[in-house]
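Enquirer: This is the structure, below, for whatever I ask next.
Taken together, the values in this text are just the output of simple stated rules run on the coordinates, not laboratory data. From a predicted model like this one, the values you see are computed outputs, not experimental measurements. Neighbour counts run over all protein chains shown; Cβ positions are idealised from the backbone, glycine included.
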Amino acid sequence: MVLGNCCHLLLGFFLVSFVSESFRLHIHAEASPSLECLQFAKSSACLCVKYLPVWFYFFTGLGYADVENRVMCKPETIMRIASISKCLTMMAVAKLWEEGKLDLDAPVQKYVPEFPEKVYEGEKVTITTRLLVSHLSGIRHYEKDIAKVKEEKEKANRALKLTKSGQDKEQKEKDGKGIEKTDSGKPRKEHEGEVKNQNSKPGRRDKEFEHEEYYLKEKFESVIESLKIFKNDPLFFKPGSQFLYSTYGFTLLSAVVERVSGQKFTDYMLKMFRDLDMLSTVLDDNEAMIYNRARCYVYNKKGRLVNAPYVDNSYKWAGGGFLSSVGDLLKFGNALLYSYQAGQFRNNNRKLLPGYLKPDTVAMMWTPVPKTEVSWDRDGKYAMAWAVVEKKQQYGFCRRQRHYASHTGGAVGASSVLLILPEELDSDAEDTAEVAPPRGVIVSIICNMQSVSLNSTALKIAREFDKEKQAQYID
């Protein structure tokens, strides 16, 4: 079972027979408070069983791809997907690694000699592709001042400690009452607080977007040319020693993909999109005529909706430069989930086609990496271009953490999230001929509004569908 959700408004409801009316109303009640903040770009959702769409959820209200011309959003609407672009780039990296063309642990200069060798505190250091995809390279993000970066990290760590302290206290109280709490039940209060605080004002002004380099207007003709923005800047730490989220690290990664594949990075990615049947996923090219492209919006200092400023994202195709539709992101999620689970179905009478990637490759991508962190999910660690929460349960009849992978995105005039919750397959399901991958819930939300926190909403929706599915099994 796969669900998809995009921050578009479509009026009305469509429902197939096996999804109950009470469940439809329950999803509406659960999702509505989280989506009310979007105002101009709200929500539609699609549920798929065995990758076929069978259920649509439409959140009523205003929702425009183009506010000025009153063009409504629809499933085909194309928006900026921001940092979900990193997940797409990782698919290309993984494919090249499987083909034996890319060594994840070789110095990047082996493929991109234009990137200078680096020294940290007088010591020669090595940056590898493996470090780039997990943000452990030491390459800066948009902030150039290392003192400010350290200050922000210290603030975030203090806030995280306070949150965890409160969370542990709350959990002890629940455990003392003998209440079982699982991730497939109602979301925890800290997630609700996150939505309330971060989404209380739609398109809230975010300090992240005060960095000038978000608003570059220069058109770069190649990914090699765009390296000039940061390649001569000092590293913020010794590679492999710390985590620092860096979109520029993925700009360097795109140069690696280009050299390894023997094709322009953009050509290689567009070919991959065709192979994945993602025909609506394209470059965020301002000059190109792209049908169904939404306009982008922000709120100004006075709280008024305005058009997002002009930017050229050619300097960061790999880390935040693609456009897509919610349907294409679902196809991408399906392809990954199929690849991940294909090896688990041993006795299927129908010969399963191979996945785009091998199961072990996706498992590697979704294995948390030490020393990493995730800003949008307190339970998660960063893996290889994905944030991953591992399956975990410390005590009997207490909180059980489900395994899932996600990535959020924030761009000028856009917000996004893609979340994959694999179904927990037992041995009987794996040996049943009628069961085939992909099995799980996938939520994709794209929004033509800047600075909208969407991860908690995606997780809430995924849990509700997963909970309904488990209830059907019991019945």
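Enquirer: For segment 97-151, list log₁₀ I(q)/I(0) at each q in 0.19, 0.20, 0.28 Å⁻¹, using the Debye formula over Cα point scatterers of equal strength and ignoring solvent, two decimals each.
Expert: The Debye formula, applied to the Cα set alone, gives -0.79, -0.85, -1.22.
Enquirer: Determine, at each q value in 0.11, 0.12 (inverse angstroms), the log₁₀ of I(q)/I(0) that the Debye formula gives when each Cα of segment 299-397 is one equal point scatterer.
Expert: -0.58, -0.67
Enquirer: By how many nm would the segment from residue 233 to residue 66 lengthen if fully extended, with 0.36 nm per residue of separation less the alpha-carbon distance?
Expert: 56.2 nm
Enquirer: Rounded to whole Hz and in sequence order, give me ³J(HN,Hα) for segment 333-342 from the Karplus expression 6.51 cos²θ - 1.76 cosθ + 1.60, θ = phi - 60°, writing x for Gly and Pro.
Expert: Karplus values, whole Hz, x for Gly and Pro: x, 4, 4, 5, 5, 4, 4, 5, 9, 4.
Enquirer: Report the FRET efficiency, 1/(1 + (r/R0)^6), for residue 117 and residue 353, where r is their Cβ-Cβ distance and R0 is 41 Å, rounded to 0.05.
Expert: 0.40
Enquirer: Just to confirm my numbers, what's the Cα centroid distance between segment 361-417 and segment 236-312 in Å?
Expert: Centre-to-centre (Cα) distance: 21 Å.
Enquirer: What FRET efficiency comes out for residue 155 versus residue 215 if R0 is 30 angstrom and r is the Cβ-Cβ distance? Round to the nearest 0.05.
Expert: The pair residue 155/residue 215 has a calculated efficiency of 0.75.
Enquirer: If amide H atoms are built 1.01 Å from N in the plane of the peptide, which residues on other chains or at least 5 residues away come under 5 Å of the amide H of residue 404?
Expert: Long-range HN contacts for residue 404: 389.
Enquirer: How would you rank 226-237, 253-264, 371-382, 140-151, highest first, on the average number of other Cβ atoms within 10 Å across their residues?
Expert: Ranking the peptides 226-237, 253-264, 371-382, 140-151 by packing returns 253-264, 371-382, 226-237, 140-151.
Enquirer: For residue 394 and residue 222, compute 0.36 nm times the residue count separating them, minus their Cα-Cα distance, and round to one decimal in nm.
Expert: That pair, residue 394 and residue 222, stretches by 57.0 nm at full extension.
Enquirer: Which far-off residues, 5 or more places away or on another chain, put their amide H under 5 Å from the one on residue 297, with H placed in the peptide plane?
Expert: Placed amide hydrogens put 308, 449, 450 under 5 Å from residue 297.
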